Amino acid sequence: MRSKTVLGIDFGERRIGIALSDPDRFLATGYTTLDRREHPDILSALAKIIDEESVGHIVVGYPLRTDGKVSPGDKTEAVDAFISSLESRFTLPVDREDEAFTSSLAQDSLRQRGGSKAGGKANRKKRQQDKAAIDRVAACFILQDWLDRQGSRT
């Protein structure tokens, strides 16, 4: 029997980066980036992914301070509201995972591979593609951190 995959989410007001685990839950891989302008009903877009990819668990990047504490604010409240909507819509467990520095790590990783020039003088379309890639890779970092911690508990 195939294990259920885990869906990793890098939440953003404009874009949502998506990563998926392998069925054995060892490795996170970038899947897509959902632009809210193209997917105004983001939960329906996620429902399609959840169904097609046999998702059994959701992990959402959560904004913690560098000391690991929750700091009330717009981003935290927006992520909490998003998580509540996920929990209401889907009958899957939803975990929070510290997202500290994941976007910076993603940008550095893409830059080292020559895949991102978002900080340079790129045209507008290229910058948007770079931002989408950064969000997708950030979702990978979030999900991989969660997967690694799950493996260390067994």
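Put simply, the amide H of Ala100, placed in the peptide plane, has neighbours under 5 Å in Leu64, leaving out anything fewer than 5 places away on its chain.
Cβ crowding within 10 Å, taken as a proxy for footprinting-reagent exposure, orders Leu43, Leu86 from fewest neighbours to most as Leu43, Leu86.
Any read-out appearing in this document is the output of simple, stated calculations on the displayed coordinates, not a laboratory observation. As the structure is a prediction and not an experimental result, all values here were calculated from the model. Every residue, glycine as well, gets a Cβ built from its backbone with ideal geometry; the counts of neighbours run over all protein chains shown.
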